[in-house]
1. Take region A:50-106, compute every pairwise Cα distance, and split them into 5 Å bins from 0; I just need the percent in each bin.
2. May I ask you to evaluate 6.51 cos²θ - 1.76 cosθ + 1.60, the Karplus curve with θ = phi - 60°, for each residue of region B:50-64 and list the ³J(HN,Hα) values in order in whole Hz, giving x for glycine and proline?
3. With θ taken as phi - 60° and the coefficients 6.51, -1.76 and 1.60, list the Karplus ³J(HN,Hα) couplings across region B:164-172 in order, rounded to whole Hz; mark glycine and proline as x.
4. For the protein assembly as shown, build the charge dipole from Cβ charges (+1 Lys, Arg; -1 Asp, Glu) around the Cα centre, then report which of B:51, B:108, A:120 sits farthest towards its positive end.
5. Summarise the partner chain shielding of B:141-148 as one whole number: the mean count of Cβ atoms from other chains within 10 Å of each residue's Cβ.
6. Name the long-range amide H neighbours of residue B:3: under 5 Å, sequence gap of 5 or more, or other chain; modelled H, no Pro or chain starts.
7. For region B:4-189, what does the alpha-carbon gyration tensor say about shape, rounded, prolate or oblate, given a ≥ b ≥ c as the root eigenvalues, a/c under 1.5 as rounded, and a/b over b/c as prolate?
8. Looking at the calculated P(r) for region B:70-160, what percent of the C-alpha pair distances fall above 18 Å?
There are 2 protein chains.
Amino acid sequence: MAKTIYNTATSIDGFIADADNSLKWLFGVGGGHPEQEEAEEGPLGEFDEFMKGVGAICMGSTTYEWILDYEQLLEKPEKWPYEQPAWVFTHRDLPSVPGADIRFASGPVEAVHEAMAAAAGEKNRWIVGGGDLVGQFFDAGLLDEVVVSAAPVFLGGGAPLLPRQVLSDRLELLEARSAGQFAVLKYRVKPPGRSEG
Amino acid sequence: MAKTIYNTATSIDGFIADADNSLKWLFGVGGGHPEQEEAEEGPLGEFDEFMKGVGAICMGSTTYEWILDYEQLLEKPEKWPYEQPAWVFTHRDLPSVPGADIRFASGPVEAVHEAMAAAAGEKNRWIVGGGDLVGQFFDAGLLDEVVVSAAPVFLGGGAPLLPRQVLSDRLELLEARSAGQFAVLKYRVKPPGRSEG
């Protein structure tokens, strides 16, 4: 059954970007960079597999602007990395990327989730980030799975992975293993109000 | 060779206690409570193994006061959980526990580390926490290993695991695996100023 999945890289201490909103700490980690030999055994090879199962994606405006900037997409729109329809949550007017299927949205996540599900069909919905947006999906009961790839890094501060209190009655560890220098942890989000399940 | 190890439970998002300085979120996690059947396969069984290799421990005052309070040690001093000599870093006058080998210390960690190493001999030194104290050991180049057992919990705030920026040139993932509902991640702290090693 198609799932809504938050799949992200993180530091060990739960930050998805550092205090300068940078990912410099993430790139160059063993197994994490495509030009490194071990990349196919690291999370990037796995990430390609994950992406094959994704039929729709969404992200917050900070994440979107980070990609725009990092890939210099306004000059090189062909570098937009996703084939799937992508929803971007924003209250501002943001530039689109020519040729990319980008849909700007605001307001509650429920309507976007419904549109994503219709677009993705039997494939999964991927929430790219950030943490606040994922929190809104969690609050709405629309988050099925969390997959984090923890880089061997402490940041001590930055953008939080998921700024919510989610206790063990709501999360089930499905898997924990290494992939290169990353620790990959996979959790199922359990529905509320059930002590077992 | 004897090592100085920070071994702790944490939330997925890197907090060792919640905003109320409580560990309620931690207890009762599958595999994490001694009265649960699977405890011996969880991190507690492993923790007993770890403790057999520990010859000296240290902790900050917040951690110490938490244990005092949680175990009601001033009424039940026999419940002090450690046989090893224990250093407690504090600038205040704190009560000791009758019959326990507790040594209060203040000032730089180097002198205490030396005393711990002398007491522990070929066994390891365990830094119980909190994060600030561990950070001081890291700053002084005296931290060899970090072992975190991540409970299936997001806290969204609380006492940080390690309030430092430690990048991947300083950390090597040795192991990532599940133990019951916990994800156990083990890192070697690499010496500074070497790109490989």
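The values are calculated or read from the model by the stated rules, or taken from the named source; none is laboratory data. Bear in mind that the values here come from a model prediction, so they are computed numbers and not experimental data. Cβ placement follows ideal geometry from the backbone for every residue including glycine, while neighbour counts extend to all protein chains displayed. The area values use the complete protein model at the heavy-atom level, side chains included, leaving out ligands, DNA and RNA. Shrake-Rupley method; radii C 1.70, N 1.55, O 1.52, S 1.80 Å.
1. Whole-percent P(r) values from 0 Å outward: 4, 20, 31, 28, 14, 3, 0.
2. 3J(HN,Hα) across region B:50-64, in whole Hz: 4, 5, 4, x, 9, x, 7, 10, 8, 7, x, 5, 5, 4, 4.
3. Karplus values, whole Hz, x for Gly and Pro: 9, 9, 10, 8, 5, 6, 10, 10, 10.
4. Of the candidates, B:108 comes out farthest on the positive side.
5. Working: counts 0, 0, 0, 0, 0, 3, 0, 4.
The per-residue average across the peptide is 1.
6. Under 5 Å from the amide H of residue B:3 lie the amide H atoms of B:124, B:125, each far enough along the sequence or on another chain.
7. On the way: a/c = 1.40, a/b = 1.12, b/c = 1.25.
Taking the square roots of the gyration eigenvalues as a ≥ b ≥ c, region B:4-189 is rounded.
8. Details: 2275 of 4095 pairs.
The share of Cα pairs beyond 18 Å in region B:70-160 comes to 56 percent.
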